[in-house]
Structure formats: structure tokens, C-alpha cells
Amino acid sequence: MSFLYEPIGLSHYLAVGAFLFVCGIVCMATKRNALGILIGIELVLNGAILNFIGFASPYFRDENLGLDGHLIALFVIVLAAAEAAVALAIALNFYNNHATIDVDRASELKG
Amino acid sequence: MSELLLAAAQPTINWHTVMFYVTAIFACGFAVVVTTTNNIVRMAFALIVSLAATSGLLFLAGAYFVGAMQLMIYVGGTVVLLIFGVMLTAQKAFITMRTRASDWILGLLVGGALFSILLQLAFLIPQWQSSDYQAAADAELAAYVEKLKADKADGKVITQEQRDELERLEIAADDGMPQRSGEIGLALVGVRADKAQRPDEPGLAGYLLPFEIVSIHLLVVLVGAAYLARARRHSHAGASQ
Amino acid sequence: MQTLLPYLPSLLAIAVLLPLGSFCAILLGAQWLGAKGKFAGTLATTAVLASTVLSFFSAGIWFTAHPAGAVDHAAHEVPPVITGHGYTLATLAGTNVGINYYIDALTIVMFCLVTFIATCIHFYSTSYMHDELDDVVDQEALLEDGESLHRPGRYARFFQSLSLFCFSMLGLVLSGNYLMTFVFWELVGLCSWFLIGFYVERTTASTAANKAFIVNRIGDFGMLVGMMALWGSLGTLNFGDIDQQQGIFSQVRGEENHYALKVPDGMVRLAAGRQIEALALHATEPLTTEQLAAKVNAEMPVWREANLGYGLLIIAGLGIFCGCVGKSAQFPLHVWLPDAMEGPTPVSALVHSATMVAAGVFLVARSYPIFLPEVLLVVACAGCITLLIGASIALVATDIKRVLAYSTISQLGYMMLALGCGGWAAGVMHLVTHACFKSLLFLGSGSVIHAVQTNEMPQMGGLWRKMPWTAGTMLVGCLAIAGIGIPSVFGLPIGLAGYYSKDLILEQVYAFRSENPLWGSFFFAAAAGGACLTAFYMFRMWFLTFWGEPRAAKRFDRAHESPRVMVVPLVLLAILAVCVAWPAFSWFGLPTLSRSIEQARPAGIWADMHGALWHITLPEESKGHTAAVTSPVGLIELGAALAGIALAALFYAWKVLDPEDVSRSFHPLYHTLYRKWYFDEIYQAVFVRGTMALAHCASLLDRLLIDRLVDGLARLGVGLARLSDLWLDRQGIDGLVNWFAEQTYRLGSALRTLQTGSLRQYVMLIVASTVAMFLLISFWTLALTG
């Protein structure tokens, strides 16, 4: 358990962010439920936020992003909320029109 | 103060590290749950936990304000919105929708490839693997204390400025970062308090315009969402054709 | 007061511009002018009232600076004139065309006259046009289904046009060159068109408006010809001298020639173009411009002796007079004025009797220095014929306004006759007095029409009991126009306004007769007979309207005296009609009318004029004022007037003679008069039909020749186009386009299978391509760095 004695570094944050990101990708790639895809997007965005905060933290690097990283993370959160609202509205509309939430059934534009 | 110096000298468990691992495991674990479960309700619950744990990670990185926002907006708002969606569409047939095994295999393959690349990149630079911030802060504090002690031994009186400096160093060593919510607020209205002292970048490179854009964007999104999601009476008749 | 003389042009300019301001305000702000534009009347009246005040103030300034003393015909003084230059509109061919002014006593008198009458009529109109404040049911304008027309009132529009008219009329009086005169001339014509067509839904009104406009165009065409003759030969259109630049008047009647009429050098030079060319070509050696000019100047007396350029001056004079014929409704263009009575009565009073139609007389008076005796003879002939025609038709007209309209034509004929016989002051004075009593008569007739709601005199009668003020003032007007006066009391004749002016005219014609017995006898007979006819038809009108028993009981019962705001202008104008021409004002140091006009007599109009081509002599005016002329003429005039009145009384008051009986026994004559000498029919047959026939011929030419040519060309084009369509388009261009379309379609069909519509697949592809890209780049960099 020697790693518990060591202070963590930026890499750890990047690793966790990458993991969340990949989880989100896989979630998007394997769910048929439109809301599931939405949830996957949220996870992806979380991974991105984590990266930004990691790069912004003075704990890890002297030349950090500083306040900019925080602000970008904030904007990401806000945009995620907005995106969630719109996507949810689309999903509900889709549900209203097709009586289903399965994205595989949404194939009007299929070539 | 002497206890602190002693603690720094001996190898002890770094609680910051411990807390990081605990919250990281929560975040990643529930992210895995989100990915693997087919039940949409469970998925939403797992997402809440994962997001909350992520906000813990943000706190640990010193981003207190962003962490709080993550909790409030994401966990408190967005996910609740999602859960509303889940409840509105939660008919038996859609609660669990299984995907084919081939999708799973393909997804895991591609995701694994991406993850391996990202992980490799994360640990690529040796300086990033660990942090000497705490050690440096402690060392600086100890050096300053030594200096003050030497001064005292010489019979000098400790001035108010020296006391303030000592206090600042103690805070840096104990609590880490200064609180930044005020600076973030100023930056959003266009004033960069953190850069005000730096001569090469005059402190007015704030985020007023993006802030305004985001505000308008949010408003538009809300209106749009309300418009899209409003109830339509004859939608089923239209869909049946 | 004299120190204010330099500001006189500005004062008069303000007086001109005030009605324009009112016009603009009503035009732009009609909807803010109170309910239904009621304030528009107040605004226009205020503006014209202010103009009146300014005009009378200017008159005060003028006559203080240039007191109108006793007339001394031997003095031959040059009249005081203020000319000036306001604004240059353009510089054409080296001469300035601009806004100039020419102010003399005539201008001042006309200003006072126009503004005063306009003010009276504005006040009168605020009451007369009261119906227009609300929605109007026009009984005379029938729709297709026989219903009366309902329309919103046009109170504001009426005053808008009236304001514009006042502006144009005052501008016309003030203008200092022919171009500006022409502009305002057309503007008053336009206003006349607006106002005649005020009840535009009535077919008669709109036709009358168009008729007036078109007939005036004919006259204006001649005026343009005259202006061009002046412009082309003299290089200027200014009346007077402005800034060392000689105006037309001083070129025609130069100071070096003692203001006697002489064909100006410019005209001689223009007419002698061939001779000048010969001079230049037949010179032994090439001439410089200066040498040629010197030679031309040397030849000038010879050419002038040969009457070169004389014809040009005649053309100029006749052209200007042609415009006046149209505007002043002289024979043969008099046909528009009776029809113009379709407009509201105040308009008839202001525009078609007092001011606008008098503008023609004014212009003749203004242009008098350039009129040759030959031209003036034409003026006199036109005036004489007009005078007789107008008076004769007025004898039988039954429409009260038409009687007055023909009377106006006749009186305008008097003015032209006077001017044509050399009576400058007589003509102008009749212009002023006529404006006073004719506007009075029109306003009185308006009052009657307002009361009985008809124009037809056979449906009136006995109205003096119902409307004593109107009857009284109109009686004054009738006496004035008939020219009642006592030839000599205390050495001065005393009478109503019309007496003085008509007396002057008759005296002048009498003097003319002694010089030219042939023409003069005819003119004098016409003038004296016209005076008798005038008295007859005016009193016929008065008796038919106010005397006797009511002939339409229903209308009589409804009739009532007009409101005070209509009666007061009547009384004011009646006072004016009585005493405007009294010479007695000079006892109080005031300028009398005749002295004011005498002061404005153009330089040079104080000597006899002799025609060069025809044997004709225009006597100077003072020859008519000798005792040998005044006493018989005064008696003849009074006798003619009294005879006319007595005849009218015989017919219509005492009923000794039956008008029906007389008309039956003189049926052909009566009918001719009743149909207005068949002028409208003749014009319709000759000009309108003739134009139509000409147009028909042209249209035949168009259809048979030109249309066929064009059609043939078009068919040729169509055939060519079909040919090219068949082979170039279908084979070449269509094939190319179709080939591209097919290829695009095929490519699209091939690509569409890529669009699976599966969200998961898309995500997968994105991630896979990201990974692949990363791998590619990293291998590449690895390979590069080794």
C-alpha cells in the first residue's frame, strides 16, 4: 500500500477522466434507450470536466490553467444542462410521435 | 508547529491520496454500473452517484466552486431532469432494452482501445505522476519558521508583516488553495482579479462575453425545450400514418 | 416708414409664403388639425389674414416713399420700381434664371386686392363649406345604382387648395421674370383644376375641371412660344433691369430712345441672320468677332428701317397674349369659364372672377411695354368680341352662377378692350373694381344658393324678404357693375366703383375712335351697348332672384339669411364696391385708386403709338380726359346703364313685357344665345372630333402597317427559336444537363447505404476513427523521429 503514502499527481486525474469518458462512450454505443445515450453523454462530459480541473489545479503543476480551467468547466456544466434539456425534449417528442424510446426505431432518414 | 514538522519528516499515510482513491473508485465503479446495467432506472441512479463522486474529486483538486456547481447543477438539476424523462417514458417495454452481444463486444473493443491510449497518455509524463506541492509548501513553512526563530534568537522583534506571511504560509500548507469563488464571479463579469498583478497580461481578459452568450443560449434552450416538449393532442394520429 | 423701404421685398415675400406654409401644414398635418380638419379653416384664414396685414403695411411703406400725387400727364415720370434678385435656379446660356421680383404700384395694388378679397372669402368659406366637416351625401353625384354618393367631408382639402391658390396668385403678382410668372401661372391653373373638380364625383365637375385645364394648355402653348421668342432674341426673361443686366422692358423701351418703343437689337440681329451671314462670308478678308459686331451695328439702322425683327416682336406679344386669352377666358378660349362654375361658390368668387382670370389682364398690363400697336389691336378685337359674346349669353342664362360667369367673361373683355385701345390705367382700374364687385356678387349668389339649395333662378324669387342683407349687398354689386354714377358733382364725378372704371374705358375707346374711325366706331358701339347689356342682365338676375313672388314655395320656405360670418364679408365687399375708386380719398392724403395705378404706368406709355405695318394709332390716355370727351361719354354711359336697368325692370319687375313672348318671337336668336353661340358644339365637332379622327387614322396606320411589321418580326423570331429549340437545346444542352443529373443520382444512390440511421454505429465509428487517427499520427511521428 505504498501508493497511499505518495501524493497523487495529475496523471491520476487524467486516468479517472479517461475512464469516465470511455464508460460514457461505451454506454452510448451499447444502449438502445434514448435516455441511456443521454446518460452516456453526461458521463463523457464529466470526464472532460475532470481533465480541465486537473489541468487547472495548482496542486499538480506550477504552470496550470488556473481560473480559466475552472471557468471552462463551469461552462461545460451549463452547456451540459442545456443540452440535457434539449435532448430530453427531443426524446419526449420522439416518444410522443413514435410511442417508443428505442433509437433503433428512429430511422426515417435512413438512406 | 513542531508536530507538523515532525509529521512531514516521517512517512505517513497521505489522507489526500486516500480520499482521492476512495472517491475515484466510487466514480469509476458507478460509471461501470451505468454502462453495464440495462435497466434505465438503475442507470439513472448510478449516474447520480458517479456524478456526486466526481464532484468530490473536484473538491479534492481544489476546485471548490466548480465542485459545488457540479453538485447543484448536475446532480441536482440535470439528473433530476433525466429522471423525469425516465419516469415519463418508463413503460414496461422500455425499462430494460437489451442490446445484442455483438454490440457489446464491439463497444468494449473500441472503448478498450480508446481507454488504453488515453491511459498511456495520462502516465506519459513523469512529472505528472506525482505532486510535490505539499512537500514544497511544508518545506517553505519550515524554512520560514527557522528564519523567524533565528531572528528571535538575535533579539529582533517579530513584525506584523512577518506574522502575516507566516499565517499565509500555514494556510497554504494546511488548506492548499485559496478560495476562488469570488475570483470566478469577477471573471464572469469581465475582471480577472488573479491576473491583475501580472504586468504582461492586463487583468481585463475576463469571460463576460462567453458568460452572456451562455446565458442567452440557456434561455433559448429552455424556450426551445419547452416548445419541443409541449403536449400535442393529435400526435398519435399523425404518427400512425 | 421710408426707412422700411429696403425691407419691402422681404415683407411681400413673407406675405407670399404664409399661405404656402398654411398649405404645407394642412397637407402634412391634416389629421392633427382638430376633429375632421376643422382647424384647417382657421389656419388658412389666419395665414391669409396675416398676408393681408403685411400687404397693407407694404402699401403704407410704398406710398409713403412714393406718394401718389395728382396725375400730371405732361410730366412723363419714370415709375418707381424695385427689382431684385432672390435666388438663382440655373444659369442657362449665360443668363440667370431665377426667382426675381418686380415691385411697382401695380404689384402693391394687386397684393392688397388679392389678399383682402381672399381674406373675405376665407372667412365666408369657413361657414359656406361647413357641410364638408361631416360626411356628405352628394345629391348631384349619382352612383351606378342610382343612389346618392356618400363620402367623407373635404373641409381640410378645400382650404389646402385655397391656400395654395393664394400663394400662387401672390407669387404671380410679385414675380419678376416671365419664367417665374409662367410657373405661378401654371400653379394657379393647377389650383383652379383642383377647385373646379372639388366635387370630383360629379361627372360635370370633373369634366369641367379637365376642360378648364386643357383649354388653358392651348393658351399656355402660345405663351411658351412668346417666351421663347423673347428668350431667344433678348437672352433674358427678366422684366426690369437687375444688377446692370438689361431686362426686357429696357431693351424694348430704352432710356436713350426716350422710352419709345423700338425693336430691340437682339431681335433685329436674330431676324437679320441671313444678312449677317452674308456680311461675314462676303468680306474681303477674315473678320474677327469684334469687327463683325461693328459691321453689324453699322448696318443696324438700315435693317430696323426695313422692319426686320418687327414680326418677331409681334410674335412675342401675340404669344404672351395667347396665354392671357386662355387664362382670362377671352374669345375663342372663353368656353372653360362657365363650366368652371361647378366648383364651390367661394372658389368661383376668388379664383374664377376676382383674381385668377384677372391674371391674364394683369399680365397684359405688366407686359404692356413690349406690345406693339398691331398686337394691341388684336387684344382689343379679342376683348371686344368677348365682351359682346359674354354679355349676350348672360342675357338668357338661368343658372345664377352662369349669369355671373358670363358677366365675368364680358367684363374681362372690357378690360382687354381698354388695354387694346391704349387705356392702360382704364384696364387695370377695371380689373380692380371688377374684382371687388364681382367677388361680392358671387358671394351673394353663394349665399342664395346656400339658402335655397339650387342654382336655377326660375326657382327663386322674392328672396329679399327672407335675406335682406344678401339682397341689399347684391343690389349694391349690381349697381356697381352697371356703372351707376353722376357724371359731375363739385367738379368730380361721383358714383359706384364700376362707374369710374367703365367711364375711363369708354373715354379711352372714344378717344381711340377719333384716331381710327373704322375700328373705333365698332369698339365704341360694342362698349356702350355692352354697358347697357350689363345693366340689363345684372338686374334681370337681381329681379329674378330677389324681387316678385316666390316661384318655388318649398325652397322659399326653407330659405333663411346666412350666418353672420357669411354676411360680414358681403358687407365689407359691398363697401369696397361702392367706394374703392372714389377720388375723394385724396382729400385725406390717402392714395386714390386711379392715382396709384397712374403711378405704375410703365415708362413710355405716355405717348401715342403708331403701328408700322397697319395704319393704326393708339391715343395716349390723357386724350380721353378732356372735357370734350368726358361729358358726352359720361352721359352715354349713364344712359346706357339706366336704359338697361329700366328694360330689366320692364321685363321682370313691372312685368310689362313677357320674357317668354319675346324669346318666342326672336326664337332663332334666343336659341343661339341659349346654346352659347354653339361654341361648345363647334369645338366638339371641329377640335375634339377632329382630334379623334386624326387619332383614328394614326391608329389605323399603327394597326395596319406597324403592327403587321412588328408581328411579322415576332413570328420570325418564334420560328427561329423553335428551330434552335429542336436541335441545339434538346440535343446539346439538355443532354449535358441530363447526363450530370443521372451521374449525381447514381452517386447518391450508392452513398445512401452508408446512412444506416443507427446511432450506436455512428458513435462507434467516431471513436474508432479517433483511435485510428491517433495511432496513425503517433506512428508517423515515431517514424519521423526515429
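Structure notes:
- Selected residue [touching a Leu at 6+ places or on another chain (Cβ under 7 Å), touching a residue at least 40 places away in the same chain (Cβ under 8 Å) and in a helix (DSSP H, G or I)] from C:Gly461, C:Gly477, C:Gly498, C:Gly472: C:Gly477
- Condition check for C:Val263: of a type in the set (Val, Ile, Thr) and either in contact with a Cys (Cβ under 9 Å, 6 or more places away or on another chain) or assigned to a helix (DSSP H, G or I) (or both): no
- Taking the numbered list (1) within 7 Å of chain A (Cβ to nearest Cβ); (2) aromatic (Phe, Trp, Tyr); (3) more than 20 Å from A:Ala99 (Cβ to Cβ) in turn, B:Phe94 passes all entries but (3).
- Residue list for the range C:213-229, filter: closer than 14 Å to C:Leu179 by Cβ and charged (D, E, K, R): C:Asp220
- Residue count, the range C:577-604 (criterion: within 26 Å of the chain's Cα centre (by Cα) and over 18 Å from C:Gly60 (Cα atoms)): 3
- Identity of the residue in the range C:596-632, touching a Pro at 6+ places or on another chain (Cβ under 8 Å) and outside any loop (DSSP other than H, G, I, E, B), that ends up farthest from C:Asp104 (Cα to Cα): C:Ser631
- C:Phe331 meets all of the listed conditions (1) in a helix (DSSP H, G or I); (2) surrounded by fewer than 24 Cβ atoms within 10 Å (Cβ to Cβ) but one, namely (1).
- Checked against the criterion of being modelled with pLDDT of 85 or more, crowded, with 21+ Cβ neighbours inside 10 Å and more than 7 Å from chain B (Cβ to nearest Cβ), the candidates A:Gly54, A:Gly40 yield just one match: A:Gly40.
- A search for C-beta distances below 6 Å between a residue of the range C:769-786 that is under 22 Å from B:Gly112 (Cβ atoms) and any residue that is surrounded by 10 or more Cβ atoms within 10 Å (Cβ to Cβ) and not β-branched (Val, Ile, Thr), counting only pairs 6+ apart in sequence or on different chains, returns C:Val771/B:Ala113; C:Val771/B:Leu114.
- Where a residue in the range C:84-112 is polar (S, T, N, Q) and its partner, wherever it lies, is in a loop (DSSP other than H, G, I, E, B), with Cβ under 7 Å and at least six apart: C:Thr95/C:Gly235; C:Thr95/C:Thr236; C:Asn100/C:Gly176
- Across the range B:117-143, the qualifying residues are those that are outside any helix (DSSP H, G or I) and farther than 30 Å from B:Ile171 by Cα, and the one among them that is nearest to the other protein chains (Cβ to nearest Cβ) is B:Phe123.
- Residue, farthest from B:Phe115 (Cα to Cα), within the range A:16-37, restricted to residues that are more than 7 Å from chain B (Cβ to nearest Cβ) and touching an Asp or Glu at 6+ places or on another chain (Cβ under 9 Å): A:Ala34
- Residue within the range C:719-734 that is polar (S, T, N, Q) and at pLDDT 90 or above present: no
- B:Tyr144, sole failed condition from (1) surrounded by 14 or more Cβ atoms within 10 Å (Cβ to Cβ); (2) closer than 30 Å to B:Ile184 by Cα; (3) not aliphatic (A, V, I, L, M): (2)
- Conditions (1) within 8 Å of chain A (Cβ to nearest Cβ); (2) crowded, with 18+ Cβ neighbours inside 10 Å; number of the one not met by B:Ala52: (1)
- Residue within the range C:742-751 that is within 30 Å of A:Cys27 (Cα to Cα) and within 14 Å of chain A (Cβ to nearest Cβ) present: yes
- Single match in C:Ser58, C:Ser22, C:Ser51 (criterion: small (Gly, Ala, Ser), at pLDDT 90 or above, buried (at least 21 other Cβ atoms within 10 Å of the Cβ) and touching a strand residue (DSSP E or B) at 6+ places or on another chain (Cβ under 9 Å)): C:Ser58
- Screening the range B:159-180 for residues that are exposed (fewer than 15 other Cβ atoms within 10 Å of the Cβ) and within 21 Å of the chain's Cα centre (by Cα) and picking the one that is modelled with the highest pLDDT gives B:Asp174.
- Residue identified as in contact (Cβ under 8 Å) with a residue 40 or more places away in the chain, assigned to a helix (DSSP H, G or I) and more than 14 Å from chain C (Cβ to nearest Cβ) among A:Leu92, A:Leu74, A:Leu79, A:Leu88: A:Leu88
Here's the yes/no breakdown for (1) modelled with pLDDT under 65; (2) within 9 Å of chain A (Cβ to nearest Cβ); (3) over 27 Å from the mean Cα position of the chain (by Cα):
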position: B:Val189; (1), (2), (3): no, no, no
position: B:Arg192; (1), (2), (3): no, yes, no
position: B:Leu204; (1), (2), (3): yes, no, no
position: B:Phe211; (1), (2), (3): no, yes, no
position: B:Val214; (1), (2), (3): no, yes, no
position: B:Gly224; (1), (2), (3): no, yes, yes
position: B:Ser235; (1), (2), (3): yes, yes, yes
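- Selected residue (criterion: nearest to C:Leu149 (Cα to Cα)) from residues of the range C:232-254 that are free of Cβ contacts under 8 Å to residues at least 60 places away in the same chain and in a helix (DSSP H, G or I): C:Gly232
- Every listed requirement among (1) under 19 Å from B:Thr78 (Cβ atoms); (2) surrounded by fewer than 20 Cβ atoms within 10 Å (Cβ to Cβ) is met by A:Asn64 save one, (1).
- If you go through the range B:99-116 and keep only what is charged (D, E, K, R) and at the interface with chain A (Cβ under 8 Å from one of its Cβ atoms), you end up with just B:Asp103.
- Taken over the range C:165-208, the residue count meeting the criterion of being more than 13 Å from the chain's Cα centre (by Cα) and part of a helix (DSSP H, G or I) is 10.
- Only listed residue being among the polar types (S, T, N, Q), at pLDDT 85 or above, in contact with a helix residue (DSSP H, G or I) (Cβ under 9 Å, 6 or more places away or on another chain) and surrounded by 10 or more Cβ atoms within 10 Å (Cβ to Cβ), chosen from C:Thr691, C:Thr770, C:Thr756: C:Thr770
- Single residue of the range B:67-91 satisfying the filter (at the interface with chain A (Cβ under 8 Å from one of its Cβ atoms) and small (Gly, Ala, Ser)) that is surrounded by the most Cβ atoms within 10 Å (Cβ to Cβ): B:Gly85
Table: residues versus (1) modelled with pLDDT of 85 or more; (2) under 36 Å from the mean Cα position of the chain (by Cα).
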| position | (1), (2) |
| --- | --- |
| C:Asn257 | no, yes |
| C:Ile276 | no, no |
| C:Thr288 | no, no |
| C:Met300 | no, no |
| C:Leu308 | no, yes |
| C:Ile314 | yes, yes |
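- Residue in the range C:108-121 that is on the phi < 0 side of the Ramachandran plot and modelled with pLDDT under 80 present: no
The values are calculated or read from the model by the stated rules, or taken from the named source; none is laboratory data. It should be emphasised that the depicted structure is a prediction, and the values quoted were computed from it without experimental measurement. No Cβ is skipped: glycine too gets one built from the backbone with ideal geometry, and neighbour counts run over all protein chains shown.
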